[in-house]
Every structure is written in C-alpha cells, then in structure tokens.
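To start, the structure itself, in structure tokens.
The values are calculated or read from the model by the stated rules, or taken from the named source; none is laboratory data. Only a predicted model underlies this, so the values are computations on that prediction, with no experimental measurement involved. Here the Cβ positions follow ideal geometry from the backbone for every residue, glycine too, while neighbour counts run over all protein chains shown. Quick note on the areas: whole protein, heavy atoms, side chains included, nothing else; ligands and nucleic acids left out. Shrake-Rupley method; radii C 1.70, N 1.55, O 1.52, S 1.80 Å.
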Amino acid sequence: MTQNGNFKRRVRARAEKTGESYTAALSHIRESALSDPGPPPPRSVRLAVAQTTPYVDPRSVAELRASGEEMRRLMREAQKASVRLIHFPEGATCSPNKRIMSSTGRDPVGPSDWSRFEWTVLREELDATRELARELGLFAVIGSVHQLTEPHRPHNSLYIVSDRGELVTRYDERLLSNTKISFMYTPGSTPVTFEVDGVRFGCSLGMETHFPEIFREYEQLDVDCVLFSTTGATPAFAAEALGHAASNRYWVSFSVLAYPGFMPPSGIAAPSGEWVAQCRADATPSLAIVDVDHNPGEIARPWRRMARAGIYEPHMVNDPRSGGRDTF
C-alpha cells in the first residue's frame, strides 16, 4: 500500500509540474523506469565454510582415504543446500605432523623426509574429489600439500577446483612459521584470486592472518571475500580474521581443522567485522553457509582508499598552535 501510494504521488507531482494529464504523466514515468532500471542488484555466491577432522600421518593410507571421504560427504551436504563454493581448512587432505616427518627422529625435529608421504594415494583422493565437484557443479577450495620436484620441499597449498572439475589455480602459503620454513615447506610467491558468478575471491593460508599486508594486498586486488584456511587456530586467529574483514570491508571465510579444546570454530565474517555464521563448537566436521555478495553501492571501502591516497595533506596548516605540543 505504501509503495503504491508513493508511486501515485510521484505521478500527481509530475502532472502538476508539467501540466500533463494524470494518464500522460503515468505513461512517462513507466517509460522512464523501463529505460533506466537503476543500478544492478549485488552479485552473490552461496559459500559454505567447512571444519574437518585433523589427519596428521601422511604415511597412513587409511587416514588419507578417510579425509577424502569426509570432504566429499561435506560437498554433498553443501550441494543439497544450493552452495556454489565450499571452502576447506589448511591440510584438509592431510596436515603432516612435523615429528612424524622429521628425518632425525621426533626430538629434536629435523628436516622433513617427504618420501614418507603416500603421494599416489593423495592424488587418487584429490582426483575423486575433483570429479565429485564436476558432478555436483560445485567449486571447492581444498587445503593440501603440493609436491615439487626433488630435492625441493613441497608447498603448503590451497587447490581451487571449478564446478567443471578443473584445477583452475593454486595458492601457496607465502609467510610461513619458523617450523615450516626451517624443516618442511617451500614458500609461495604470489597472491591468487579467482571468480565465481562475478564474485571475486582471494586466498590466504596457515599463519598469514598475523600479517595485515596479506589482507591489504587483497583489498587492492578488489576481492569481495578472502578465504583463509588454517589448522589449529587460537582465539587470536579468529579475532584477526574479524579485524581484517572490518578494516578492509570485505567478507572473510575462516576455515579450521576441528581440534577439540578451546579453539574457535570455522565461520564467515561479514564486512562489518562480525560473525554471520559459524560451524558447531563441538569440534565435529560441519558446515556454515552464507550468501556473500559483491555490493557496488558499498561506500566505506572507496572512501578508505581515498583516505590512504593523501587527501588530507591539502588541509594541513602551518599554525603554531598546531605545531606546538606543550600547551593546552
């Protein structure tokens, strides 16, 4: 009723202003609405963030099979909820334990012996997961180890698989922990972005939530959402994810392995810096689902870009009461 009343008032106002009949004014307003439909609606993607069981022994065929089966079960669950993109934690396929991998024994930890990894089984599980993504029409971001040519250590990575079952790109963790860089992995070198239905995503991994420059870089790359995957997160990791969402005014998906104890669950933070959905807090495999969007009408983000570009300098003054800091 209110919308109809407002529309009629617009027609009467035009008729009074132009001297047209009510019918002529009505026709003109309708034609204007057809020729100028206004800004397009925000694009959106239904995103599921997962938390999964920690599997830490890459020598175990049974563990590698179990991780693959669990991921595919969650993918089927996501597809039933009309999800377009599912985001898994760091090491969802396997998060190798540094003591198991140590070539010098469990204590002290030494360089990792990657010949202990059942690489063939891992690739079989990744292929099965990729094929299911094609069958379900679902994008999947999968935390895994990426083997390099001997004698180089592998990358700690996120594989991005499309809804056609194609491996479209891969993100490699760039800012590694002391243990990872000393004994385990080769660092990556570049940010990675990809699009799903017009919504732009960036990837981050491991301990990179401690580094604001990673998330600032993705803001400059115009992402709408950063997918951050980690293993066992502390409350600080979750707080930092909320802060990155708020300070950069984009979505942050926070995916962790489901370790029992005082660990924050996986969740999705809105650009306001608040959780809009979180997985179960009982450390069980589960999903949280949110529609994330690209909103061209967002005003805070472009203003912050302007603020960082030097707009304040012309307004600064040479005033002794400004420069002097020893008086009230």
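With respect to T179, determine if the residue is out of contact with any helix residue (DSSP H, G or I) (no Cβ under 9 Å at 6 or more places or on another chain), over 18 Å from E70 (Cα atoms) and either of a type outside the set (K, R) or in a helix (DSSP H, G or I) (or both). Spell out the reasoning first.
On the way: out of contact with any helix residue (DSSP H, G or I) (no Cβ under 9 Å at 6 or more places or on another chain): no; over 18 Å from E70 (Cα atoms): yes; either of a type outside the set (K, R) or in a helix (DSSP H, G or I) (or both): yes.
The answer is no for T179.
Looking at region 223-235, is at least one residue of a type in the set (D, E) and out of contact with any Lys or Arg (no Cβ under 6 Å at 6 or more places or on another chain)? No: region 223-235 contains no residue that is of a type in the set (D, E) and out of contact with any Lys or Arg (no Cβ under 6 Å at 6 or more places or on another chain).
Checked across region 112-127, the condition of being crowded, with 18+ Cβ neighbours inside 10 Å, aromatic (F, W, Y) and assigned to a strand (DSSP E or B) holds for no residue. Within region 131-147, can one find any residue that is open to solvent by 40 Å² or more (accessible area, probe 1.4 Å) and assigned to a loop (DSSP other than H, G, I, E, B)? Within region 131-147 (the criterion being open to solvent by 40 Å² or more (accessible area, probe 1.4 Å) and assigned to a loop (DSSP other than H, G, I, E, B)), the answer is yes, since at least one residue qualifies.
Considering only region 28-49, I want to know if a residue exists there that is under 25 Å from V196 (Cβ atoms), within 30 Å of the chain's Cα centre (by Cα), open to solvent by 70 Å² or more (accessible area, probe 1.4 Å) and at pLDDT 70 or above. Looking for residues that are under 25 Å from V196 (Cβ atoms), within 30 Å of the chain's Cα centre (by Cα), open to solvent by 70 Å² or more (accessible area, probe 1.4 Å) and at pLDDT 70 or above, one finds at least one in region 28-49, hence yes. Among residues of region 83-94 that are without any contact (Cβ under 8 Å) to a residue 60 or more places away in the chain, those with a Cβ under 8 angstrom from a residue that is open to solvent by less than 10 Å² (accessible area, probe 1.4 Å) and of a type in the set (V, I, T), sequence gap 6+ or separate chain, pair up as T93/I142; T93/V145; C94/V145.
Do the conditions hold for V49, that is, is it among the β-branched types (V, I, T) and not in a helix (DSSP H, G or I)? Give the derivation first.
On the way: among the β-branched types (V, I, T): yes; not in a helix (DSSP H, G or I): yes.
Yes: the conditions hold for V49.
Of the listed requirements (1) over 20 Å from G137 (Cα atoms); (2) touching a Gly at 6+ places or on another chain (Cβ under 8 Å); (3) open to solvent by less than 30 Å² (accessible area, probe 1.4 Å), P96 misses just one: (2).
Apart from one condition, Y312 fits all of (1) at pLDDT 95 or above; (2) loosely packed, with under 14 Cβ neighbours inside 10 Å; (3) among the aromatic types (F, W, Y); the exception is (1). Scanning region 95-111 for residues that are outside any helix (DSSP H, G or I) and touching a Ser or Thr at 6+ places or on another chain (Cβ under 6 Å) gives S95, V109, G110, P111. Note on region 261-277: residues that are among the β-branched types (V, I, T) and over 12 Å from the mean Cα position of the chain (by Cα) amount to 1. Those strands (runs of 3 or more DSSP E) of region 214-287 in which 1 or more residues are open to solvent by less than 10 Å² (accessible area, probe 1.4 Å) occupy 225-229, 251-255, 267-269. Only one entry of G165, G202 meets the criterion of being surrounded by 19 or more Cβ atoms within 10 Å (Cβ to Cβ) and not acidic (D, E), and that entry is G202. The set of residues in region 57-73 that are in contact with an Asp or Glu (Cβ under 8 Å, 6 or more places away or on another chain) and open to solvent by 40 Å² or more (accessible area, probe 1.4 Å) comprises R59, V61, E63, R65.
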